[in-house]
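Asks: The structure follows.
The values are calculated or read from the model by the stated rules, or taken from the named source; none is laboratory data. Since the model is a prediction, treat every value here as computed from it, not as a measurement. Because the Cβ atoms are built from the backbone with ideal geometry, glycine has one as well, and the counts that use them run over all protein chains shown. What goes into the accessible areas is simple: the full protein's heavy atoms, side chains included, and nothing from ligands, DNA or RNA. Shrake-Rupley method; radii C 1.70, N 1.55, O 1.52, S 1.80 Å.
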Amino acid sequence: MSAATPQAPAGKSPEGAPEHLTHAAGASVTMPPRGPEEQPRGPVIRPGRPVDQSGAAKRFMAAPQHLAMHDQRLWDLRQKRDRQMHGIEEWEELRQLASDIKMHTLTHLDHYLEEFERNALANGVKVHWAKDAGEHNSIVVDIMRSRGAKRLIKSKSMLTEECGFREYAAERGVEVIETDLGERIQQLDDEAPSHVVVPSVHKLRTDVAAVFARTLGTDPDNADANYLAEQQRETTRPLILSADAGMTGCNFAVAETGSVVVCTNEGNADLSANTTGLHIVSMGIEKLIPKLENLAVFVRLLSRSALGSPITQYTSHFRGPRKGGEMHIVLVDNGRTDRLGMEQFWTSLKCIRCGACMNTCPVFRRSGGLSYGATYAGPIGLIIDPTFNRHKYSTLPFASTMNGSCTNVCPVKINIHEQIAGWRKVLSENHEIPAFKKNMMKAAGAILSSPRLYRASLPLADSALRHLPRFIIYNRMNTWTRGREMPHTPRETFHQWYKRERGKDGKKGKGSNPSAKTGGDAS
Amino acid sequence: MRVGLFVPCYVDAFHPEVGQATLELLERFGLDVDYPFDQTCCGQPMTNTGCHEESRATEELFVKNFSEYDYIVAPSGSCVNQVRRNFTALEQTEEVTAVRAKTFELVEFLHDILKVDAFPWAEFPHKVALHNNCNALRGLSIASMSELRNERFSKPKDLLGKVRGLEFVDIARPDECCGFGGTFSVFEEGISSRMGQDKARDQARSGADYVTSSDSSCLMHQEGCARRLQLGQKYIHISQILNGSRA
Ligand code: SF4
């Protein structure tokens, strides 16, 4: 994939020492393993089987350095975001405005798409329509082939990930070079991005050093960030400068001007768009906004929500081909029109891919983005992945406590946690939850709707019966105690206490001095 | 004013003292409090798992048990949130919508309906960290949320602030979910426990002697995590503090 010469010594143990010699003689405790902690990988995807998110999450949590770093990095972003929010008095109005603009656009999408196409054509841009990933991929590769272009440099785009574009292109002899640093790291490691804004956030510097050593021939023991960035730059620059075509994604497409706007911090969208005479833009049809003036609302929200910075370093507007060059825009549906028709879930199309919901999500921070086994991870992923493949992603809406923090940070006010609950219902109704779960819920429903059965299911004040009642534990395999202690079983239930103290009709002892029973002193 | 007391299933089974404290506390204000005998649960375990149909009969039973009261009060934000916002498996008759609208979480009820301004019997000379259940916080808005740029307020803090000797301590991530999440705590036990352990460590670092919350489910989970980690803080439901428990 990469033209760099792989020359790093592969698989050499850091000290070159056999395992047993790494312990100090006579030490009574096992020493932690020497060398950097290995990076946990995403789930193994089995054809026809739902993604095992929780299994992959457990592996991630079993790597303490990765877990701590990942949680802290993303939590820092969340805190920076909060600070930015406090700096803007009209923050909540901005969010409402952004949501309103998106709702309006999505409900008039046909109109704005036509307006956008008209204006883009007038600007000298070639416009292509792709109904799915396959069409998108073949359109782009055809454009390249017909112009004899072999090497494509591109800035980060989740849509091309969604389309599996890189693989498709590689199979057809088109070499793709990612120009975003994080995305380039992921490309070199042959691993999907784990986060929509910070694609390699799950990697320690030592992981990056290992990837670069393997693929770029850098010093495997040097994990200095500057060194690594510089090495990447040195090895990738020549490839960029000799590229034949450039591709960018699109953050916003303005209908009234026919222009596309890309926000980056590395300036690599400009690099990708302007280095060659051929610029191809991949954009989802939901990226539209009606007017240029609407852009201000989103620009104010995007980077503040994403990274807690007031604005991205670059906000690049591309309106037409440069002199003597070509500019193409590929408008991709790939399931978006279907999603637009889903009554409960269509507002997920408002998403501007800021990643704030991931940064705040306590499950995401502890499981890593790769664990979701999908292009879109974290809260937004839970509600859009099942639209691509309901069975494969049927486990994802359960990877949430539905705590609602995602909804609160979302700059376009998507009711993410409510949609997660909505998906659980859809999945349950369509037999996409495991039969054992469904059966437990049937049993729980039967027990909890019957006072008699419910009473019978409770643990007795018998210390031998120290297990949670069936309606809480749902199965005999008690998973509760793997990471926690059981609650103490009280001598009697509230119900029994009430019956004893107050009698069944509640008359006995009512109104007596309560302090006598609780030890409080009523004064 | 006739009040129906709802004692959620896990409170009934594991924390009867929370039901007792709630009952007695309400009675201190001269309310006529009933405990309908045939009550069970709010249906949350099923709804939470997406099984709304399986929850319907339980929801019906709830409505039947409580429709005659002026108010229904429960010492649990997540159960009240279920009744108020997620009781949708039922046909929305007048009776159902009325029950949903008059079901209150204890803190809300004391703060907004009774507008209690003093708990003269209450004294709690300890360092206390407050935990807001996510449903109580983001569903019922019992306090302002760190993600939103709104005016700061906290109903539980208002109430606890009236307790003699009580000293608040702050934890580093006050609004972070503790990972209980209903059936999540069982089906996704790995992440759930980890989140609970992180929460318990945060509480321990804050120097809290006690952690309190208006939700027993979170407390039960957090306490289990803290005990596993052998951390020293204790857990107590807000109703117990407000009712005059000293420890
Ligand atoms: S759902 Fe909202 S918070 Fe999440 S990435 Fe999209 S816009 Fe950002």
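Asks: Where in chain B lies the longest segment free of trypsin sites (Lys or Arg not before Pro) that are both loop residues by DSSP (not H, G, I, E, B) and have at most 13 other Cβ atoms within 10 Å?
Replies: Excluding the exposed sites themselves, the longest stretch runs over B:1-114.
Asks: Here's something else I'd like to know. Could you work out the pair-distance distribution P(r) of chain A from its alpha-carbon pairs, with 20 angstrom bin width and percents rounded to whole numbers?
Replies: The calculated distribution, bin by bin, is 19, 47, 25, 9, 1.
Asks: How big is the charge dipole of region B:8-101 about its Cα centre, in debye rounded to the nearest 20, if each Lys and Arg gets +1 on its Cβ and each Asp and Glu gets -1 on its Cβ?
Replies: Value, rounded to 20: 380 debye.
Asks: Calculate for chain B the 222 nm mean residue ellipticity that helices alone would give, adding -39,500 (n - 2.57) per DSSP H run of length 4 or more and normalising by residue count, nearest 500 deg cm²/dmol.
Replies: -12000 deg cm²/dmol
Asks: Hey, what does the equivalent ellipsoid look like for region B:2-113, semi-axes from the Cα gyration tensor as sqrt of 5 times each eigenvalue, largest first, whole Å? Intermediate values should be presented prior to the final figure.
Replies: Working: eigenvalues 97, 47, 28 Å².
Largest first, region B:2-113 gives 22, 15, 12 Å.
Asks: How many nm is it between the label spots at A:H391 and B:F37, if each spot is 7 Å from the Cα in line with the beta carbon?
Replies: That separation, rounded to one decimal, is 5.2 nm.
Asks: Would you please name the chymotrypsin sites (Phe, Trp or Tyr not before Pro) within region B:102-170 that are DSSP coil residues with at most 14 other C-beta atoms within 10 Å of their C-beta? Show your work: numbers first, answer last.
Replies: Details: sites: B:F104, B:F109, B:W121, B:F153, B:F168; in loops: B:W121, B:F153.
Those satisfying the criteria are B:F153.
Asks: Still on this structure, please answer the following. Out of A:M342, A:P43, A:S54, whose Cα points farthest toward the positive end of the dipole of chain A (charges: +1 Lys, Arg; -1 Asp, Glu; placed on Cβ)?
Replies: A:S54
Asks: Contour minus end-to-end for A:R46 and A:N274, with contour as 0.36 nm per residue of separation and end-to-end as the Cα-Cα distance?
Replies: 78.0 nm is the gain from fully extending A:R46 to A:N274.
Asks: Right, next: With solvent modelled as a 1.4 Å probe, how much accessible area in total do chains A and B shield from it at their shared surface, in Å² to the nearest 100?
Replies: 7400
Asks: In Å, the Kirkwood hydrodynamic radius of region A:352-398 over pairs of distinct alpha carbons?
Replies: 10.6
Asks: Unpartnered cysteines of chain A (Cβ-Cβ under 4.7 Å counts as a partner)?
Replies: A:C163, A:C250, A:C263, A:C351, A:C354, A:C361, A:C410 - these cysteines have no disulfide-compatible partner (Cβ-Cβ under 4.7 Å) in chain A.
Asks: Could you work out the percent of alpha carbon pairs in region B:204-247 separated by over 12 Å, rounded to a whole number? Kindly include the intermediate steps, with their values, before the conclusion.
Replies: Working: 552 of 946 pairs.
When all Cα pairs of region B:204-247 are counted, 58 percent exceed 12 Å.
Asks: Additional query: Please report the antiparallel percentage of the DSSP beta bridges confined to chain A, to the nearest 5.
Replies: 25
Asks: I need two numbers for region B:134-204: Rg to one decimal and Dmax as a whole number, Cα atoms only, in Å.
Replies: Radius of gyration, then largest Cα-Cα span, for region B:134-204: 14.1, 41 Å.
Asks: Select from B:G50, A:L278, A:A377 the residue farthest towards the positive end of the dipole of the protein assembly as shown; place +1 on Cβ of Lys and Arg, -1 on Cβ of Asp and Glu, and compute about the Cα centre.
Replies: B:G50
Asks: Let me ask you something else. Sort out for me the Cα centre separation of region B:89-142 from region A:239-309, rounded to whole Å.
Replies: Cα centroid to Cα centroid, the span is 47 Å.
Asks: Still on this structure, please answer the following. Amide H to amide H, which residues 5 or more places from B:T103 or on other chains are under 5 Å from it, using H placed in the peptide plane?
Replies: The answer is B:I72.
Asks: Dipole of the protein assembly as shown, Cα-centred, from +1 at each Lys and Arg C-beta and -1 at each Asp and Glu C-beta, to the nearest 20 debye?
Replies: Result for the protein assembly as shown is approximately 1080 debye, rounded to the nearest 20.
Asks: May I pose another question? State the volume of the convex hull built on the alpha-carbon positions of region B:49-167, expressed per residue in Å³ and rounded to an integer.
Replies: 139
Asks: Using alpha carbons only, how many angstrom separate the centre of region B:156-179 from the centre of region A:398-415?
Replies: Comparing the Cα centres of region B:156-179 and region A:398-415, I get a distance of 23 Å.
Asks: Something else now. Evaluate the distance, in nm, between pseudo-label points positioned 7 Å from the Cα of A:K499 and of B:R152 along their respective Cα→Cβ axes.
Replies: Result: 4.9 nm between the two label points.
Asks: Further question on the same structure: When the accessible area of region A:320-459 is computed with all protein chains present and a 1.4 Å probe, what percentage of it is carbon and sulfur? Please report the intermediate quantities before stating the final value.
Replies: On the way: 2250 of 4270 Å².
C and S fraction of accessible area: 53 percent.
Asks: Report the antiparallel proportion of the DSSP beta bridges in region B:127-242 as a percent, rounded to a multiple of 5.
Replies: 10
Asks: When the expected Rg is taken as 2.2 N^0.38 Å, what fraction or multiple of it is the alpha-carbon Rg of region A:268-418?
Replies: For region A:268-418, the normalised Cα radius of gyration comes out at 1.16.
Asks: Would you list the P(r) distribution for region A:182-297, with all Cα-Cα distances sorted into 10 Å bins from 0 and each bin expressed as a whole %?
Replies: In whole percents, the pair-distance histogram is 12, 35, 32, 16, 5, 0.
Asks: Now, a different point. Convert each backbone phi in region B:85-96 into a coupling constant with the Karplus relation 6.51 cos²θ - 1.76 cosθ + 1.60 (shift: θ = phi - 60°), then list the ³J(HN,Hα) values in order as whole Hz, x for Gly and Pro.
Replies: 3J(HN,Hα) across region B:85-96, in whole Hz: 10, 10, 7, 10, 6, 7, 5, 7, 6, 4, 4, 5.
Asks: What distance in nm lies between label points placed 7 Å from Cα along the C-beta direction at A:H111 and B:D117?
Replies: 5.5
Asks: Can you figure out the FRET efficiency of A:E293 with B:M1, using R₀ = 51 Å and their beta-carbon distance, to the nearest 0.05?
Replies: Working: r = 54 Å, r/R0 = 1.06.
So the FRET efficiency works out to roughly 0.40.
Asks: Ordered by residue, what ³J(HN,Hα) values in Hz, to whole numbers, does region A:483-493 give under the Karplus form 6.51 cos²θ - 1.76 cosθ + 1.60, where θ = phi - 60° and Gly and Pro are x?
Replies: Result, ordered by residue: x, 9, 8, 6, x, 5, 8, x, 4, 9, 6 Hz.
Asks: Given H placed 1.01 Å from N in the peptide plane, which residues other than close sequence neighbours of A:I280 have an amide H under 5 Å from its amide H?
Replies: Correct list: A:G246, A:M247, A:T248, A:H328.
Asks: Same structure, new question: State whether chain B is rounded, prolate or oblate according to the following rule on the C-alpha gyration tensor (a ≥ b ≥ c being the square roots of its eigenvalues): a/c under 1.5 gives rounded; otherwise a/b larger than b/c gives prolate, and the remaining case gives oblate.
Replies: The shape class here is oblate.
Asks: If you roll a 1.4 angstrom probe over the protein chains with everything in place, what fraction of the accessible area of chain B belongs to carbon and sulfur, to the nearest %?
Replies: Solvent-exposed carbon and sulfur of chain B make up 45 percent of the total.
Asks: For chain A, find the longest principal axis of its Cα atoms and tell me its angle to the long axis of helix A:435-448, 0 to 90°, nearest 10.
Replies: Value to nearest ten degrees: 40.
Asks: Exactly which trypsin sites (Lys or Arg not before Pro) in region A:127-198 are in a DSSP loop and have at most 16 other Cβ atoms within 10 Å?
Replies: Passing both the DSSP loop test and the Cβ count: A:K131, A:R147, A:K150, A:R172.
Asks: Using the charge dipole of region B:2-113 (Lys, Arg: +1 at Cβ; Asp, Glu: -1 at Cβ; taken about the Cα centre), state which of B:Y35, B:A89, B:F6 has its Cα farthest towards the positive end.
Replies: Looking along the dipole axis, the top candidate is B:A89.
Asks: Here's another thing I want to ask about it. If you plug each phi of region A:137-148 into the Karplus form 6.51 cos²θ - 1.76 cosθ + 1.60 with θ = phi - 60°, what whole-Hz ³J(HN,Hα) values come out, in order, with x for Gly and Pro?
Replies: Per residue, the Karplus-derived 3J(HN,Hα) values read 4, 6, 4, 5, 5, 5, 4, 5, 4, 5, 10, x Hz.
Asks: Separate question: So who's got an amide H within less than 5 Å of the one on A:D180, skipping anything under 5 residues away but keeping other chains? H placed 1.01 Å off N, in plane.
Replies: Correct list: A:K156.
Asks: Based on DSSP H runs of at least 4 residues, each adding -39500 (n - 2.57), what is the mean residue ellipticity at 222 nm of chain A after dividing by all its residues, to the nearest 500 deg cm²/dmol?
Replies: Value at 222 nm, helices only, nearest 500: -13000 deg cm²/dmol.
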